[in-house]
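Working notes, beginning with the structure itself.
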Amino acid sequence: MRKIFFLVPFFLILQSCAFFNTFYNARKSYKLGKESVERSSRTSREAPSNTPEMKLGFFDSEPDNIPGDAKTAFDISIEKANKVVVLHPTSGWVDDALLLLGKSYYLRSGEGDYLEAKNRFEVLMTRFPASELISEAKLWYGKTLFKLQQFQEAQEILRPIEALNTTEDIRAEANLILGDIALLDENLNVAKAYYAQAQKLAKDDNLRKTTLYKSAYCFYKDQKFSECAEFLNKLLQKNLSLSERFEMLVFRSRALKMVGQYKTAIDHLDKILGDPKYKTYFARAEFEIADILRTQGRSSDAEKQFLFIVNTYATAPVGDCYYMLGLLHDTTQTRPSVDFTPDHNRAMKFYTLVRNKYASSYYASAAVARLTFFEKMNVLKGVLYANRYLVEIIESRMKALESGDTTTFVPDEFLVQLVKLDTSTQTNVPEEKDKIETVTDKTEQDLKTINMVSTELTDKQNEINSDIFSLVELTHRDSLLSFRKKVNERLAEYHILLAEYYANELHLYDSSLAYYTIVTESLKGTTSEEIAYYGLARIHQIKGFPNYLSLYKEVYEKFPNGVMSKTGESILGLKAANADRYDDVFEEAQMLMVSDTQWEKAADLFQSIARSDSTKHKWPSVYAMGLLEEKKKNNPQKAFLYYNTLLYGAPSWPSAEKLRQKVNAYKKAWNIQNDSAGYTIDTTLIRWQREMSVTQIDQKTDSIRTRQEIGKNSISITTESASIDTSRLQMTDSELEEFEFLLKKKSGTDSTKVGKKLKPDESLKNKKQRRIKEDESDATPIIKEE
């Protein structure tokens with residue numbers, strides 16, 4: 001017995017040693033993983049970059065891709081720390097283990113890891129509110145919320161850290177993250193203040209570099225380029241690696257370029273080119289010099305420089321250079337000078353090269369945008385030109401017929417050619433010997449591969465020429481007048497398209513006004529005339545002209561029953577005498593219905609409409625309520641209630657037959673007999689039911705409740721989850737098809753969205769469920785395990 005007594009302390013000591021050894025190994029593995037992550041981050045910064053993009057997180061110690069050895073180390077750390085928490089819940093190291101777990105999950109940054117990290121930090125803060133680790137836990141918790149894009153929650157956690165009794169580096173890092181959130185929200189002055197506070201507090205050398213860099217980044221974004229350069233000067237005095245110093249020198253040159261200090265900026269870059277240790281960065285430095293020359297207006301010198309880069313450096317950012325060459329030759333971007341004339345066709349070829357061959361270029365999306373603009377302009381203006389030409393031919397034919405000219409009309413003499421192939425590869429650069437040697441090989445070979453034929457424009461050209469041939473058969477004035485009217489309609493339509501493109505896509509409102517005015521003055525009587533007048537009024541409203549309301553009134557009086565008369569009524573505050581008082585409410589409900597955030601309000605509006613017996617929108621609203629229950633709330637029982645109510649109260653509703661197929665499918669799935677289905681209705685929506693006595697309603701209550709509970713403990717009935725298009729639907733005779741289309745079509749641009757990002761952890765609330773998908777052939781539900 002005495003031996004056992006002496007063995008007890010021995011086992012306790014042994015257990016304590018094993019426990020501490022577990023935590024020690026967890027901490028050791030975490031340290032190894034963190035060192036690997038930091039090493040990977042430094043390595044990625046050391047690699048020469050071929051992109052001109054400056055990232056906000058340039059000095060962050062978290063690389064885009066976590067190394068494999070780091071993941072392995074974090075796995076071990078998580079396993080060991082979990083043992084401490086699970087097997088020794090009363091020890092004094094549990095808060096340390098929880099913090100280690102959260103940090104390991106955070107740095108591992110795999111799928112779901114941020115949520116795991118969030119959970120561990122929450123447990124630590126809840127169970128150990130007085131722990132000395134609480135401030136560090138809150139910092140990491142705030143960082144995790146930032147990664148999860150839960151910015152408001154992150155701010156609520158990070159702001160109080162400033163007042164905690166903790167290290168200055170923890171407070172500095174909290175201010176940095178708060179600055180990042182403010183920067184993302186475009187609150188630049190707030191971001192500057194947070195970065196300035198972080199700069200005052202930071203003691204760690206890398207943290208100080210980060211505060212200076214983010215301050216410079218923020219001032220550059222705010223177009224305060226001189227202040228940006230000052231911060232970069234301070235940063236360049238720090239102990240930077242070769243790649244970090246190069247990036248900061250380039251950043252400073254850009255800031256100097258933006259304030260017009262071109263010579264100083266080029267001198268700084270020339271120093272880089274004169275230092276052999278920067279050899280791997282020469283192409284980037286040359287590119288920056290070329291862009292400074294372009295910005296300065298020295299187009300000829302800039303072109304030489306870009307071509308020199310492409311044909312000299314194996315590591316040249318070719319796609320970026322081609323985009324800049326496109327800008328140089330873009331007649332909408334560059335003005336002609338004594339020694340340089342932009343070539344529109346050459347600009348198009350350079351943009352096309354970037355799109356087709358250098359899609360990974362930093363400027364690829366910008367090149368596509370320029371091409372889209374030109375291609376749109378070429379088609380619209382080309383078609384306008386061709387149709388105007390066609391009108392001239394028609395009028396010429398009419399005059400010839402009136403004068404008795406019987407000369408045979410020969411269409412081949414009038415055919416229009418909108419598409420011209422430019423096979424020239426000559427540059428606009430003067431043919432100097434040293435230049436010709438530069439503009440060879442790669443650039444010209446690339447340009448030769450570009451075929452500038454527009455398929456859409458070719459098709460339009462063929463349509464116009466076909467119309468010209470059809471004039472042979474028109475030998476009477478009336479037929480020619482009718483044909484000219486058709487061409488005028490087409491002309492008006494394309495003028496409207498151009499006007500709307502200028503207004504909505506390019507925000508060039510004066511150009512838009514010009515094209516709308518052509519329709520209202522030169523193409524009167526066309527169906528587009530009303531649209532053009534409304535367009536003029538809208539542009540006057542956008543530009544803040546005081547006469548815009550009078551223009552709306554004028555066009556409304558001119559076209560009281562036109563296709564846009566409802567728009568006029570809405571803007572002018574008018575109401576038709578026979579208007580349904582629920583028109584606006586129903587229209588609003590439709591718009592809210594397709595919103596990701598406001599569909600519940602739509603359900604309330606539809607409910608208010610459905611309770612009225614005097615509106616044409618009653619039964620479409622009941623159907624919409626059913627759809628919202630089925631698609632949004634995942635409540636098939638309530639959906640069935642509304643569908644069945646609609647069939648019960650409006651059996652002759654235009655789309656009742658199709659809806660009946662859906663209702664029958666529900667009945668079949670839930671074994672509801674036809675004689676009892678009549679009790680599964682919403683009596684508040686049926687007028688004669690509302691007028692029943694209380695006693696009569698009470699008699700049916702149990703049956704109704706029973707039917708409403710059907711399926712509660714069985715499978716859920718839904719369709720495939722669908723995004724929602726924002727099409728404005730007017731409920732006509734095809735309500736069912738339109739609403740089904742509305743809810744099944746993939747999401748487009750939703751004007752009702754507020755632009756907030758979905759919180760990543762919200763999707764976790766969706767539980768796995770069994771679905772029943774309707775077969776289109778017989779509307780019979782098919783059970784499908786999700």
**Request:** For the range 248-258, indicate whether the set of residues that are outside any helix (DSSP H, G or I), touching a helix residue (DSSP H, G or I) at 6+ places or on another chain (Cβ under 8 Å) and open to solvent by less than 50 Å² (accessible area, probe 1.4 Å) is non-empty.
**Result:** no
**Item:** Qualifying positions in the range 84-121 - assigned to a helix (DSSP H, G or I) and charged (D, E, K, R)
**Value:** D95, D96, K103, R108, D113, E116, K118, R120
**Message:** Please verify whether Y358 is of a type in the set (F, W, Y), crowded, with 20+ Cβ neighbours inside 10 Å and within 23 Å of H507 (Cα to Cα), treating the condition exactly as stated.
**Reply:** no
**Item:** Number of positions in the range 555-566 that are assigned to a helix (DSSP H, G or I) and open to solvent by 60 Å² or more (accessible area, probe 1.4 Å)
**Value:** 3
**Item:** Lone qualifier among I272, I292, I309 - being over 37 Å from the mean Cα position of the chain (by Cα) and open to solvent by less than 40 Å² (accessible area, probe 1.4 Å)
**Value:** I272
**Prompt:** Looking only at helices (runs of 4 or more DSSP H) that fall completely inside the range 445-554, which ones have 2 or more residues that are open to solvent by less than 50 Å² (accessible area, probe 1.4 Å) and under 30 Å from S403 (Cα atoms)?
**Reply:** 455-470, 477-500
**Message:** If S337 satisfies all but one of (1) without any contact (Cβ under 8 Å) to a residue 60 or more places away in the chain; (2) crowded, with 16+ Cβ neighbours inside 10 Å, what's the number of the condition it fails?
**Reply:** (2)
**Asked** Taking the range 222-237 as the region of interest, how many residues are more than 18 Å from Y278 (Cβ to Cβ) and either in a loop (DSSP other than H, G, I, E, B) or basic (K, R) (or both)?
**Response** 5
**Prompt:** F146 is checked against (1) open to solvent by 30 Å² or more (accessible area, probe 1.4 Å); (2) over 13 Å from E62 (Cβ atoms); (3) in contact with a helix residue (DSSP H, G or I) (Cβ under 8 Å, 6 or more places away or on another chain); (4) of a type outside the set (D, E) and fails just one. What number does that condition carry?
**Reply:** (2)
**Residue within the range 245-253 that is of a type in the set (S, T, N, Q) and on the phi < 0 side of the Ramachandran plot present** = yes
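For every residue, the table says whether it meets (1) assigned to a loop (DSSP other than H, G, I, E, B); (2) acidic (D, E); (3) modelled with pLDDT of 85 or more; (4) more than 19 Å from H617 (Cα to Cα).
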| site | (1), (2), (3), (4) |
| --- | --- |
| W653 | yes, no, no, no |
| E657 | no, yes, no, no |
| N664 | no, no, no, yes |
| K668 | no, no, no, yes |
| T680 | yes, no, no, yes |
**Prompt:** Are any residues in the range 275-289 open to solvent by 20 Å² or more (accessible area, probe 1.4 Å), within 25 Å of T334 (Cβ to Cβ) and among the β-branched types (V, I, T), and if so, which ones?
**Reply:** none
**Message:** Every residue in the range 227-244 that is under 34 Å from the mean Cα position of the chain (by Cα) and open to solvent by 60 Å² or more (accessible area, probe 1.4 Å), please.
**Reply:** E227
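Just give me the residues in the range 86-99 being free of Cβ contacts under 8 Å to residues at least 60 places away in the same chain and surrounded by 21 or more Cβ atoms within 10 Å (Cβ to Cβ), in sequence order.
V94, D95, L98, L99
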**Cβ pairs under 7 Å, 6+ apart, first in the range 363-375 and closer than 11 Å to T352 by Cα, second assigned to a helix (DSSP H, G or I) and open to solvent by 30 Å² or more (accessible area, probe 1.4 Å)** = A364/R355; A367/R355; V368/R355; L371/R355
**Request:** Exactly one condition in (1) open to solvent by less than 40 Å² (accessible area, probe 1.4 Å); (2) under 20 Å from K34 (Cβ atoms); (3) assigned to a loop (DSSP other than H, G, I, E, B); (4) not β-branched (V, I, T) is not met by L124; state its number.
**Result:** (3)
**Filter result for the condition that a residue is more than 20 Å from L56 (Cβ to Cβ), buried (at least 16 other Cβ atoms within 10 Å of the Cβ) and among the aliphatic types (A, V, I, L, M), over I181, I177, I170** = I170
**Asked** With respect to the numbered conditions (1) crowded, with 23+ Cβ neighbours inside 10 Å; (2) in contact with a Lys or Arg (Cβ under 7 Å, 6 or more places away or on another chain), which one is the sole condition not fulfilled by K71?
**Response** (1)
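The values are calculated or read from the model by the stated rules, or taken from the named source; none is laboratory data. If you're wondering where the values come from, they're calculated on a predicted model, not measured in any experiment. Because the Cβ atoms are built from the backbone with ideal geometry, glycine has one as well, and the counts that use them run over all protein chains shown. The protein model used for the area step is the full one, side chains on, heavy atoms only, and it has no ligands, DNA or RNA in it. Shrake-Rupley method; radii C 1.70, N 1.55, O 1.52, S 1.80 Å.
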